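The values are calculated or read from the model by the stated rules, or taken from the named source; none is laboratory data. What you see is a predicted model, and the numbers here were worked out from it, not measured in a lab. Ideal geometry is used to build each Cβ from the backbone, glycine not excepted, and the neighbour counts take in all protein chains shown. Please note that ligands, DNA and RNA were not included when accessible areas were found on the heavy atoms of the full protein model with its side chains. Shrake-Rupley method; radii C 1.70, N 1.55, O 1.52, S 1.80 Å.
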Amino acid sequence: MIRINLELARYIKKLYDANEHDISEEKFSPKHKIIEQDRRYSKVYFITEGITKCYISDENGKEFIQEFLGEGMEFGELEVFSKKHTICSVETITQLKTLSISHTRFNALLEMDNHFNRLIMKALADKIRYKAPRHSYQHSYPIEDNVIRLKKIFPEFTEVISKKDIANYIGVTTRSLNRALKELKEKTDQL
């Protein structure tokens, strides 16, 4: 549920510590929009601590959460390759620390550092590979099954992430999620 990439986290920290690539540390408080959809930005961010949500908003303001991003996850990199406006917004859920790098320096690192390049390519492939099975499962099974699956992956998810965000992540209303949580609680209390 909360995607992490510890190998990339370690490597970007190593690059930051070498102090050769104009990588900056930034801190953000909860509920801060770092990137807003349909805008242009000039940085790529790597999470070193905390959790964000990456989501798309429709014209009615309804959010569809693509991912929850944790340590080692990057965002803003797609715009380096496409040179277009951002697809998603990224907003902090918890206190967040990132390492950021300009698009120019990011491109230079991709060209001159083979290990960095492979880590980024693997990270992009993992993002694509993860999405299809998740969306398929969420659309093929009832809400209760999705909630049980989330609890197995991330037992304390309801303490860290709001019910509204969980509902947006699995593609249901908050009311439907509350009903499913209540029914699951009643079933487990009866056992």
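Taking the stated definitions as given, is Lys185 modelled with pLDDT under 85, open to solvent by 60 Å² or more (accessible area, probe 1.4 Å), closer than 24 Å to Lys31 by Cα and of a type outside the set (A, V, I, L, M)? Break it down into steps so the answer makes sense when it comes.
On the way: modelled with pLDDT under 85: yes; open to solvent by 60 Å² or more (accessible area, probe 1.4 Å): yes; closer than 24 Å to Lys31 by Cα: no; of a type outside the set (A, V, I, L, M): yes.
It is false that Lys185 is modelled with pLDDT under 85, open to solvent by 60 Å² or more (accessible area, probe 1.4 Å), closer than 24 Å to Lys31 by Cα and of a type outside the set (A, V, I, L, M).
Kindly list, by first and then second residue, each pair from a residue in segment 32-48 that is in contact (Cβ under 8 Å) with a residue 40 or more places away in the chain and within 14 Å of Leu69 (Cβ to Cβ) to a residue that is part of a loop (DSSP other than H, G, I, E, B) and open to solvent by 20 Å² or more (accessible area, probe 1.4 Å), limited to pairs with Cβ atoms under 6 Å and residues at least 6 apart or on different chains.
What qualifies is Ile35/Tyr41; Ile47/Glu71.
Between Ile87, Ile143, Ile161, which is under 30 Å from Ile23 (Cα atoms) and touching a Leu at 6+ places or on another chain (Cβ under 8 Å)? Break it down stepwise before answering.
Working: Ile143 fails: under 30 Å from Ile23 (Cα atoms); Ile161 fails: touching a Leu at 6+ places or on another chain (Cβ under 8 Å).
On inspection, the qualifying residue turns out to be Ile87.
Got at least one residue in segment 114-125 being free of Cβ contacts under 8 Å to residues at least 40 places away in the same chain, within 20 Å of Ser42 (Cα to Cα) and either of a type in the set (S, T, N, Q) or open to solvent by less than 50 Å² (accessible area, probe 1.4 Å) (or both)?
yes
Looking at segment 70-99 only, could you name the residues that are in a helix (DSSP H, G or I) and in contact with a Lys or Arg (Cβ under 8 Å, 6 or more places away or on another chain)? Please lay out each step first, then the result.
Just the residues of segment 70-99 that are in a helix (DSSP H, G or I), to begin with: 78-82.
Once the filter is applied, which keeps residues that are in a helix (DSSP H, G or I) and in contact with a Lys or Arg (Cβ under 8 Å, 6 or more places away or on another chain), segment 70-99 yields only Glu79.
Could you tell me which of the residues Phe157, Phe64, Phe68 is open to solvent by 60 Å² or more (accessible area, probe 1.4 Å), touching a residue at least 40 places away in the same chain (Cβ under 8 Å) and among the aromatic types (Phe, Trp, Tyr)? Write out each step before concluding.
Working: Phe157 fails: open to solvent by 60 Å² or more (accessible area, probe 1.4 Å); Phe68 fails: open to solvent by 60 Å² or more (accessible area, probe 1.4 Å).
Result of the check over Phe157, Phe64, Phe68: Phe64.
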